[in-house]
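The values are calculated or read from the model by the stated rules, or taken from the named source; none is laboratory data. Just so you know, these numbers come straight off a predicted model, no measurement behind them. Backbone-built Cβ (ideal geometry, glycine too); neighbour counts: all protein chains shown.
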């Protein structure tokens with residue numbers, strides 16, 4: 001590629017990031033420290049820490065993040081170790097299924113969890129049927145505050161991220177490293193703790209970081225559980241009286257600082273690069289065929305975890321076809337009325353259309369930007385390309401809520417980016433918001449594609465008279481198509497399920513995306529939750545069709561879709 | 001140190017037979033080499049002795065005790081891996097100390113022995129280095145120290161020098177032999193580099209397709225290969241097929257496509273009978289060149305290529321009736337023949353012409 005073009009791409013992407021990543025964050029920070037009169041103040045931040053409600057929210061958020069992360073590791077680590085150790089029956093398919101919960105909308109699943117673990121829920125009904133619980137005094141599993149339900153739903157949604165990272169780290173360990181320990185007398189669990197775990201720690205940390213940041217600032221799930229004593233929900237409710245109130249901004253800043261702080265501590269403790277991947281693996285890993293006992297253990301663990309993770313969504317599906325479901329294991333009466341009602345409801349069809357529109361446009365932006373950035377980073381020697389790479393990864397580390405707030409602030413009336421709201425239509429700002437948040441996935445998968453495709457293939461085309469850009473489109477892009485589809489699909493799914501931006505930026509009913517429509521239905525009276533479930537099932541069906549469709553295109557390697 | 005006997009060892013991977021009924025005896029304190037083309041089973045055999053593969057059939061005896069079902073961490077062997085397998089999260093000292101810690105050696109003794117081991121491989125004072133701060137040669141020494149420090153019953157080396165440059169390779173192989181002999185170690189060394197094996201082995205085994213092709217000292221295997229494969233794998237050779245004509249004293253006359261050759265069987269217990277098919281092996285350095293036909297073992301051919309290397313000159317002759325060119329090398333050449341196309345004669349003494357079973 002000629003240098004001029006590379007520099008142009010570099011300039012455009014840096015400008016894009018400056019406008020839609022740095023600027024909104026800066027804008028939020030500014031609002032938290034500047035009084036309406038224009039002087040700088042720390043009073044807002046100080047005020048926060050004097051207010052017990054905000055302090056409790058922060059503590060709860062921290063617990064929500066920490067417990068979710070620990071639970072995810074607890075689920076994912078044994079599974080990854082098993083899959084790395086044994087060759088068991090049905091491994092390929094189980095290995096793919098275990099990842100599916102990542103693309104099931106968690107705040108829809110939260111509806112299901114309420115139905116299952118609530119006081120009049122399925123689990124209690126089951127215990128009462130067995131005679132293990134008094135029907136007159138059912139226990140409330142979700143308890144006061146419902147933190148347990150939130151953490152459970154988050155963990156069941158996010159553990160695939162930990163599983164992917166740990167599996168990748170394990171695959172990078174030269175088996176000879178473990179054999180050398182075995183050879184010197186170190187065996188079993190001792191070997192796991194002395195050799196294997198320390199070597200995969202950076203991978204574990206990478207997964208844990210993403211999960212922590214995600215769940216620390218999770219908005220959708222606590223909102224559905226009506227758990228308002230976490231910072232994210234407090235911020236969301238704070239928007240209602242936004243114009244005069246600086247506290248939501250101050251909270252956002254505290255959250256951002258806390259995220260960076262926890263990240264640095266974690267990095268210092270666990271994430272130091274030990275250069276484990278620099279080893280030259282000489283022997284391929286030969287997996288042991290599982291003994292009947294091991295087979296049983298592996299298969300049942302994988303099935304159990306996948307089953308548990310899908311259970312909330314099964315609950316939602318049942319809820320959507322039930323007329324009445326209270327205090328019994330299965331609904332008492334079945335109906336398809338909710339689907340018909342949902343189709344007739346002004347919110348639903350509109351929101352499905354909106355979401356498809358926003359998500360496809362955002363995915364398009366992602367793929368174009370992602371290929372451009374990955375190409376500059378991998379294939380050129382442009383100075384500062386590592387900076388571009390690091391920049392493109394940053395959205396993973398910044399809570400969605402923080403960005404959403406920034407976008408809101410910078411597009412308010414009278415602000416320079418007011419024009420991005422076309423009349424009242426938030427389509428431009430939503431597409432940008434979705435695209436920025438998911439760009440890292442597309443950049444990573446495109447970069448992996450470029451790295452795996454030898455540059456000599458392109459050079460051969462040029463050597464035979466093909467101009468550079470044409471060589472790129474005729475040779476390299478077709479070769480990395482699978483990577484691009486995988487990255488794009490992940491970006492699309494996450495955009496369809498996006499909560500923070502959708503809830504905060506879409507203010508008019510006719511522009512609601514699916515997530516906001518579901519939230520509006522859940523909080524409305526009457527058959528709202530049933531309609532919300534029906535809409536949730538529609539959304540899941542759409543996603544399932546998309547993923548399966550792509551799976552067919554890509555061949556049977558469904559798992560490759562999730563490799564980020 | 002331990003002596004090792006291998007009896008009828010069979011190892012299969014699926015339908016592929018990696019080791020086929022192997023028998024080997026390795027004496028205590030012996031530096032024993034496993035050689036062979038890639039895929040011959042040499043690494044599989046080494047890993048079976050270390051316990052990383054469980055054999056389907058047969059026994060592995062350490063001093064007479066069957067260890068074939070003993071897990072690797074209880075065999076007290078120490079392996080030096082081809083990739084070194086140094087743990088990146090531990091520094092040099094910790095890597096070397098690892099095996100001693102597993103053996104619950106006291107702290108003070110660990111320190112002493114690790115420092116001693118590092119000094120032995122000339123890495124003293126570098127204990128605090130991280131693994132990724134070391135050069136390839138230094139990593140190789142640390143890996144050797146890590147294996148030696150536990151005073152293993154058997155030291156195993158899996159192509160330990162393959163990642164080093166040629167000069168360092170020669171230096172280190174001498175060093176490995178010195179250390180093995182100094183401690184009287186039983187050592188098994190896998191390589192595909194025949195020079196490494198010939199230069200430092202006490203004995204070596206050539207493997208071929210999961211079978212032992214030959215076991216012997218370097219001189220035995222080089223001078224008296226038992227099969228055409230061994231002859232071709234250890235050193236260079238010219239192989240010609242033929243049929244026995246008659247015997248006269250020790251000499252056996254063989255009819256071949258390139259003329260009558262006089263030689264001796266590689267196995268003294270084997271006397272090929274007239275009309276029996278044989279393969280004849282003549283090493284290039286055993287052939288000398290002449291412009292007039294010699295009385296015996298005369299091979300006439302047209303010179304197709306001559307290469308002058310200073311201490312030696314290589315010639316290739318194209319011989320009528322034989323597809324492959326005949327290679328010969330002349331040590332300390334005074335005059336190099338460069339006229340390609342010229343007809344020349346190559347000849348060898350009967351004791352250098354080796355008769356092998358037909359290939």
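If you check A:147, A:99, A:142, A:111 for being surrounded by 19 or more Cβ atoms within 10 Å (Cβ to Cβ) and closer than 19 Å to residue A:304 by Cα, only one passes: A:99. Taken across region A:468-488, residues that are free of Cβ contacts under 8 Å to residues at least 24 places away in the same chain and either on the phi > 0 side of the Ramachandran plot or under 22 Å from the mean Cα position of the chain (by Cα) (or both) do not occur at all.
Kindly establish whether residue B:49 is buried (at least 21 other Cβ atoms within 10 Å of the Cβ) and either under 23 Å from residue B:176 (Cα atoms) or away from every other protein chain (no Cβ under 14 Å) (or both). Yes.
Here is the figure for region A:147-172: residues that are in contact with a helix residue (DSSP H, G or I) (Cβ under 6 Å, 6 or more places away or on another chain), more than 18 Å from residue A:78 (Cβ to Cβ) and either more than 12 Å from every other protein chain (Cβ to nearest Cβ) or modelled with pLDDT of 90 or more (or both) total 6.
Scanning region A:83-96 for residues that are outside any helix (DSSP H, G or I) and either buried (at least 19 other Cβ atoms within 10 Å of the Cβ) or in contact with a helix residue (DSSP H, G or I) (Cβ under 7 Å, 6 or more places away or on another chain) (or both) gives A:86, A:88, A:89, A:90.
Has region A:50-64 got any residue that is assigned to a loop (DSSP other than H, G, I, E, B) and out of contact with any strand residue (DSSP E or B) (no Cβ under 6 Å at 6 or more places or on another chain)? Within region A:50-64 (the criterion being assigned to a loop (DSSP other than H, G, I, E, B) and out of contact with any strand residue (DSSP E or B) (no Cβ under 6 Å at 6 or more places or on another chain)), the answer is yes, since at least one residue qualifies. Exactly one residue among B:258, B:291, B:299 is in contact (Cβ under 8 Å) with a residue 40 or more places away in the chain and exposed (fewer than 13 other Cβ atoms within 10 Å of the Cβ), and that residue is B:291.
Considered as a group, the residues in region B:133-154 that are in contact with a helix residue (DSSP H, G or I) (Cβ under 6 Å, 6 or more places away or on another chain) and over 14 Å from residue A:181 (Cβ atoms) include one that is surrounded by the fewest Cβ atoms within 10 Å (Cβ to Cβ), and that residue is B:137. As for region B:314-325, it holds at least one residue that is surrounded by fewer than 18 Cβ atoms within 10 Å (Cβ to Cβ), in contact with a strand residue (DSSP E or B) (Cβ under 6 Å, 6 or more places away or on another chain) and closer than 27 Å to residue B:251 by Cβ. Of the helices (runs of 4 or more DSSP H) lying entirely inside region B:118-235, those carrying at least 1 residues that are within 26 Å of residue B:8 (Cβ to Cβ) and free of Cβ contacts under 8 Å to residues at least 40 places away in the same chain are B:218-223, B:228-233.
Within region A:173-193, the set of residues being within 32 Å of the chain's Cα centre (by Cα) and either over 22 Å from residue A:270 (Cα atoms) or within 11 Å of another protein chain (Cβ to nearest Cβ) (or both) comprises A:173, A:174, A:175. When region B:92-122 is filtered for residues that are crowded, with 21+ Cβ neighbours inside 10 Å and either facing chain A (nearest Cβ under 8 Å) or at positive phi (or both), the ones remaining, listed by number, are B:98, B:99.
Could you check region B:11-30 and list, in sequence order, the residues that are surrounded by fewer than 22 Cβ atoms within 10 Å (Cβ to Cβ), touching a residue at least 12 places away in the same chain (Cβ under 8 Å) and farther than 17 Å from residue B:208 by Cα? Result: B:25, B:27, B:28, B:29, B:30. For region A:319-355, the tally of residues that are out of contact with any strand residue (DSSP E or B) (no Cβ under 7 Å at 6 or more places or on another chain), buried (at least 17 other Cβ atoms within 10 Å of the Cβ) and outside any loop (DSSP other than H, G, I, E, B) stands at 12.
If the condition is being free of Cβ contacts under 8 Å to residues at least 12 places away in the same chain and more than 14 Å from chain B (Cβ to nearest Cβ), then region A:194-234 contributes only A:228.
The condition of being away from chain A (no Cβ under 11 Å) and in contact with a strand residue (DSSP E or B) (Cβ under 7 Å, 6 or more places away or on another chain) holds for only one of B:144, B:126, that being B:144. In the set B:117, B:85, only one residue is closer than 23 Å to residue B:188 by Cα, touching a helix residue (DSSP H, G or I) at 6+ places or on another chain (Cβ under 6 Å) and at pLDDT 90 or above; that residue is B:117. Among residues of region A:58-73 that are touching a residue at least 24 places away in the same chain (Cβ under 8 Å), those with a Cβ under 6 angstrom from a residue that is surrounded by fewer than 22 Cβ atoms within 10 Å (Cβ to Cβ), sequence gap 6+ or separate chain, pair up as A:60/A:229. It is to be established whether one or more residues within region B:307-320 are in contact (Cβ under 8 Å) with a residue 60 or more places away in the chain, part of a strand (DSSP E or B) and in contact with a helix residue (DSSP H, G or I) (Cβ under 8 Å, 6 or more places away or on another chain). Within region B:307-320, not a single residue is in contact (Cβ under 8 Å) with a residue 60 or more places away in the chain, part of a strand (DSSP E or B) and in contact with a helix residue (DSSP H, G or I) (Cβ under 8 Å, 6 or more places away or on another chain).
For region B:52-91, the set of residues classified as in contact (Cβ under 8 Å) with a residue 12 or more places away in the chain and more than 14 Å from chain A (Cβ to nearest Cβ) consists of B:55, B:57, B:58, B:59, B:60, B:61, B:62, B:63, B:64, B:68, B:69, listed by residue number. Annotation: residue B:211 fulfils all but one of (1) modelled with pLDDT of 90 or more; (2) within 14 Å of chain A (Cβ to nearest Cβ); the unmet one is (2).
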